[in-house]
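Take a look at the structure below.
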Amino acid sequence: MSHPPPHPSDRPVRVLFVFAWLAGGPEEGLLRLLSQTLDPARFRIDALPCRLQDATLDPTHERLAALGITVDRAAYEMGFDDTVRYLERKIAGYEIVVSCQDVADIYPAMERLRHHPPLIEYGRSVVEAMAGPKHLTTRYVAATEAARAAAADRMPDRPEAAMLIPPPPGFVPPRWLQTVRGNLGQPPVPPEQDAIARQWEALFDAVLAQTSAPPPGLFQSFLQGGFECSTQRLRSGRRVDVIAATRHDIHAESDYRQLQGFGMRTVRDGLRWHLIDQTPGRHDFASFLPMAKAALRAGTEVIWDLMHYGWPDDLEIWSPAFVDRFAAFARAAARVWRDETDAVPFWCPVNEISFFSWGGGDVGYLNPFAHGRGFELKLQLARASIAAMHALREVDPRARFVHCEPLIAIHHSAATGRPRHEAEGWHQAQFQALELLSGRLHPEIGGDPTFVDIVGANYYPTNQWIHGSHPIDIDHPLYRPLSDLLFELHARYRRPIFIAETGVEDDRRAPWFRYVAAEVARARQRGVPVEGLCLYPILNHPGWDDDRDCHNGLMTQGFVGDGRGVDPALAEAVAGFALHGQDAR
């Protein structure tokens, strides 16, 4: 079966020119020169003017579109504050941003981000060079020596960042070009103009060379495997226990050692709260200790989930007692782990607060099967997670906290008839769980910035859709590359991040892994400190709702010889990933 390739527009280095306005002249001349001379396989040039001059749409837009330059006109309908917010999200999709005409909107947008693309400012006069702050400017390109000197004076700690690139001539009207060109097509670029374009190309390459993230070092291995450990009650009343169903609890050491053969020395796994806390005030860790000891014998580092959709039967999730019981369970788990090892523990208090609250609080899919109470459940789960983190730190102040949340993209399309702000609002809502934990949202529940320690991004092929319409795949023009979403996530929190879950069923497993691995590498090239890539689930398992054998793992449920069977195509892709040195440890 064939699978969709990434949309071709996402492959080149994307450069966004941000203008105060766009109406011909030298600005159009620069865009035309770069579009005509730079290799389109290497660079994609887009433009975003922030306001419409004289309330008339200049033919510049159509002329640039004819050259393959996308002119984003969305800001024409926005005020200053909305434009800043729009730019904040927009620029995450570009490797380089070039601001022109001392545009006022770009610095406020950049300052809202904790990580941003390299910013090149371009000015044609001393007045432009002297205007505005420069602390976020990677390079200042001046059209005259006087402007370069003025910009260098504004950057006394790094005057070499101001440079001179002569401007190309202004745009020549189409009527004149027609008389010269005849039917010969686009005229050749004169040598002196080609030299200008090569200076810009060299600048782009130099800026990009400085953006890579430092080598990863947070976990024992960059490549990781995650054992599905869901324990929720179904509507039928049956308890899901994926660890038991896959016999991972019995074969934990063998499973850990087998994954080490693929370079996976860090894994995600889980405690089963409903088995440990069957009597209030008493904790029986008989289901956990064999797995903990197996990990220690194997030398495998584990990120332990404390709650993966399930809780004890006698406990009401909406009650204050839920928070207290969960904190007591977390404290007891931390003590058990401390008694076994002095290794720094990695804990995921509540897996996927966002999905859990939607599935269990809004649409009645997961327990507690509620409708219209999603945010209420999100608050309750955040309270429980915060209480648990306090308890974990009391036992071991070194404890690291991993928060695994879905990473999604919700897109606006005019064809749906829905306003842009709705799609943007739902897209931003994905961050509510982390905002609650950090104290940015509803600080009265006790959130703290230090609680957002390590951010895990759970990413699947169904994680992008058009608001009011349907899901989209990687070949859709609106699809945002995963690397852009990782950039946006890091720009928001500036914390170490990793792919905490990714996978798909059947024969798309290997192509999907290659796509995610390539996007992780691309994000790291853009300075995003992605610290790991966790295949999840790593082991085929029975489906939650129908017990079907879900073929979504690297390993099968069944054994072949001394270990579990493996999917050969995915195994080859994983081996290739390690062979090419992408597993940093």
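Tabulated values for the structure
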read-out: Of all residues making up region 5-28, the number that are more than 23 Å from the chain's Cα centre (by Cα) and either modelled with pLDDT under 80 or on the phi > 0 side of the Ramachandran plot (or both); value: 3
read-out: Filter result for PRO159 (over 35 Å from the mean Cα position of the chain (by Cα), closer than 21 Å to ASP102 by Cα and either modelled with pLDDT of 90 or more or of a type in the set (Lys, Arg) (or both)); value: no
read-out: LEU113 being modelled with pLDDT under 95 and not hydroxyl-bearing (Ser, Thr, Tyr); value: yes
read-out: Residues of region 23-76 satisfying the condition of being surrounded by 15 or more Cβ atoms within 10 Å (Cβ to Cβ), charged (D, E, K, R) and within 25 Å of ASP194 (Cα to Cα); value: GLU27, GLU28, ARG32, ARG44, ASP46, ARG63
read-out: Near pairs, Cβ below 6 angstrom, 6+ apart or cross-chain, from region 312-327 (in a helix (DSSP H, G or I)) to any residue that is surrounded by fewer than 18 Cβ atoms within 10 Å (Cβ to Cβ) and not hydroxyl-bearing (Ser, Thr, Tyr); value: PHE322/LEU315; ARG325/LEU315
read-out: Boolean, THR211 is touching a Lys or Arg at 6+ places or on another chain (Cβ under 6 Å), outside any helix (DSSP H, G or I) and within 30 Å of HIS115 (Cα to Cα); value: yes
read-out: Residue within region 261-268 that is over 31 Å from the mean Cα position of the chain (by Cα), in the same structural domain as LEU377 (by TED's automatic domain parsing) and surrounded by fewer than 21 Cβ atoms within 10 Å (Cβ to Cβ) present; value: no
read-out: Subset tally (residues that are outside any loop (DSSP other than H, G, I, E, B) and touching a helix residue (DSSP H, G or I) at 6+ places or on another chain (Cβ under 8 Å)) for region 287-311; value: 16
read-out: Considering residues of region 296-309 that are surrounded by fewer than 22 Cβ atoms within 10 Å (Cβ to Cβ) and on the phi < 0 side of the Ramachandran plot only, the residue nearest to the chain's Cα centre (by Cα); value: GLU301
read-out: Count of region 101-128 residues which are hydrophobic (A, V, I, L, M, F, W, C) and touching a Phe, Trp or Tyr at 6+ places or on another chain (Cβ under 7 Å); value: 1
read-out: Qualifying position, being without any contact (Cβ under 8 Å) to a residue 40 or more places away in the chain and touching a strand residue (DSSP E or B) at 6+ places or on another chain (Cβ under 8 Å), among GLY553, GLY503, GLY565, GLY561; value: GLY565
read-out: Only listed residue being in a loop (DSSP other than H, G, I, E, B) and not aromatic (Phe, Trp, Tyr), chosen from PRO4, PRO108; value: PRO4
read-out: Matching entry among ILE445, ILE497, ILE474, ILE454 (being within 23 Å of ASP362 (Cα to Cα) and not aromatic (Phe, Trp, Tyr)); value: ILE445
read-out: Filtered residues of region 111-123 (kept if surrounded by fewer than 23 Cβ atoms within 10 Å (Cβ to Cβ) and not in a loop (DSSP other than H, G, I, E, B)); value: GLU111, LEU119
read-out: Index of the failed condition, SER413 passing every other in (1) more than 23 Å from the chain's Cα centre (by Cα); (2) over 18 Å from ARG492 (Cα atoms); value: (1)
read-out: Only one of PHE369, PHE401 that is aromatic (Phe, Trp, Tyr), within 30 Å of VAL336 (Cβ to Cβ) and not assigned by TED's automatic domain parsing to the domain that holds ARG89; value: PHE401
read-out: Residue within region 562-571 that is outside any helix (DSSP H, G or I), surrounded by 22 or more Cβ atoms within 10 Å (Cβ to Cβ) and not aliphatic (A, V, I, L, M) present; value: yes
read-out: Lone unmet requirement of (1) among the acidic types (Asp, Glu); (2) part of a loop (DSSP other than H, G, I, E, B); (3) modelled with pLDDT under 95 for GLU228; value: (3)
read-out: Residue count for region 75-105, restricted to those that are among the hydroxyl-bearing types (Ser, Thr, Tyr) and either assigned by TED's automatic domain parsing to the domain that holds ARG526 or part of a helix (DSSP H, G or I) (or both); value: 3
read-out: Criterion: touching a strand residue (DSSP E or B) at 6+ places or on another chain (Cβ under 9 Å) and either free of Cβ contacts under 8 Å to residues at least 60 places away in the same chain or not assigned by TED's automatic domain parsing to the domain that holds ASP81 (or both) - qualifying residue of GLU435, GLU376, GLU352, GLU444; value: GLU352
read-out: Among the candidates ARG139, ARG148, ARG124, residue that is among the basic types (Lys, Arg), more than 31 Å from the chain's Cα centre (by Cα) and modelled with pLDDT of 95 or more; value: ARG148
read-out: Subset of region 229-274 that is β-branched (Val, Ile, Thr) and touching a His at 6+ places or on another chain (Cβ under 7 Å) - its residue that is farthest from PHE326 (Cα to Cα); value: THR246
read-out: Test: residue in region 469-481 that is hydrophobic (A, V, I, L, M, F, W, C) and without any contact (Cβ under 8 Å) to a residue 60 or more places away in the chain; value: no
read-out: Residue that is surrounded by the fewest Cβ atoms within 10 Å (Cβ to Cβ) [pool: residues in region 311-333 that are touching a strand residue (DSSP E or B) at 6+ places or on another chain (Cβ under 8 Å) and over 24 Å from GLU253 (Cβ atoms)]; value: ASP313
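The values are calculated or read from the model by the stated rules, or taken from the named source; none is laboratory data. This is a predicted model, so every value here is computed, not measured. Here the Cβ is made from the backbone with ideal geometry for all residues, glycine too, and neighbour counts use every protein chain on show.
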